[in-house]
Amino acid sequence: MLAAVTFGAAYIRGLTGFGMAIILVPLFGLIVKPGEAVVIAILLQTLIGPVGLKVILADAHRQSALLIAGFAVLATPLGILLLMHTTPDVARLMIAAIAIGAFLLVLLPQRGELRPGPRETALTGIAAGVLTGFAAMPGPPVVPFYLRQPIPPKEARASMMLVFFATAIAGTISAFALGLADGRLLWLSLLLFPSVLLGNWLGARSFGKVAAKVWRSFVAGILGLAGLSAVIRLLN
């Protein structure tokens, strides 16, 4: 079951540039402890991060992506500490709320032609870092940041993937340093990695074959379904 869920989440990641952790963490959290689900998602994102990195660097808006990534890396240990001091039931509730919140943010209207300023970019990075450590989900602040800009899907997708690779590295280092990750979770992540590779490859092949408006609608839909699924399973 874990492999099937991982494959589906990786396909979404390859197609949209995000979504793997938003799908994995709420579902994995019903099978293993929330903290372990977060660590597995972080490790998988670190393992898949180098795949296609050359294209990602070429397509991304590196100025904003690197600024967000820098602040996110600094804030990630705060999220790990928060997770370590949160009970499993509260963590599941907060993770479900994060998934729903991401969906609502994407529904906001697009901004004008001007890109966000340094302050908004920095705050996005800080929020992404805290959510990386707490839920392996840097997406809720980062996805609306890029999707609300009138930029090509390939630029939005690559920028998000660049940020998420950096936060995954920071999350991996912090999780091991603070004792949340161990060899058992690393071994489980390695066993699931082939499913991630295959799903991501198929998703990447599908990217670019749909219109930009359809792609944005699909991204919003994935966020909504992930949030709804997390809430339903939380209630059950």
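The values are calculated or read from the model by the stated rules, or taken from the named source; none is laboratory data. Being a predicted model, the structure only gives us computed values, none of them experimental. Counting neighbours? That spans all protein chains shown, and the Cβs are built from the backbone with ideal geometry, glycine included. Accessible surface areas use protein heavy atoms only, side chains included; no ligands, DNA or RNA. Shrake-Rupley method; radii C 1.70, N 1.55, O 1.52, S 1.80 Å.
For the chain, which whole percent of the accessible surface, found with a 1.4 angstrom probe, sits on carbon and sulfur atoms?
With neighbouring chains kept in place, the figure for the chain is 71 percent.
Can you give the FRET efficiency for Leu66 and Leu191, using 1/(1 + (r/R0)^6), R0 = 35 Å, r = Cβ-Cβ distance, to the nearest 0.05?
It comes out at approximately 0.60.
Using helices alone, what [θ] at 222 nm do you get for the chain, with -39,500 (n - 2.57) per DSSP H run of 4 or more residues, divided over all residues and rounded to the nearest 500?
It comes out at -26500 deg cm²/dmol, rounded to the nearest 500.
Leaving out ligands and nucleic acids, and using a 1.4 Å probe, what accessible area per residue does the chain come to in Å²?
Accessible area per residue, the chain: 44 Å².
Quick check: the distance between the Cα centres of region 20-95 and region 179-207, to the nearest angstrom?
13 Å
Net charge around Leu67, counting only other residues with Cβ within less than 13 Å of its Cβ (Lys, Arg = +1; Asp, Glu = -1)?
Taking every other residue near Leu67 into account, the sum is +2.
What shape does the chain have by the C-alpha gyration tensor, where a ≥ b ≥ c are the square roots of the eigenvalues, rounded means a/c under 1.5, and otherwise prolate means a/b greater than b/c and oblate the rest?
Taking the square roots of the gyration eigenvalues as a ≥ b ≥ c, the chain is rounded.
For region 1-106, take the alpha-carbon Rg, divide it by the Kirkwood Rh, and send me Rg/Rh.
The Rg/Rh ratio comes out at 0.97.
Which one of Thr124, Thr76, Phe103 has its Cα pushed farthest toward the positive end of the charge dipole of the chain, where Lys and Arg give +1 and Asp and Glu give -1 at the Cβ?
Phe103
With a 10 Å radius around each residue's Cβ, average the other Cβ atoms per peptide and rank 90-96, 135-141, 119-125, 168-174, highest first.
Highest-to-lowest ranking by the protection proxy: 135-141, 168-174, 90-96, 119-125.
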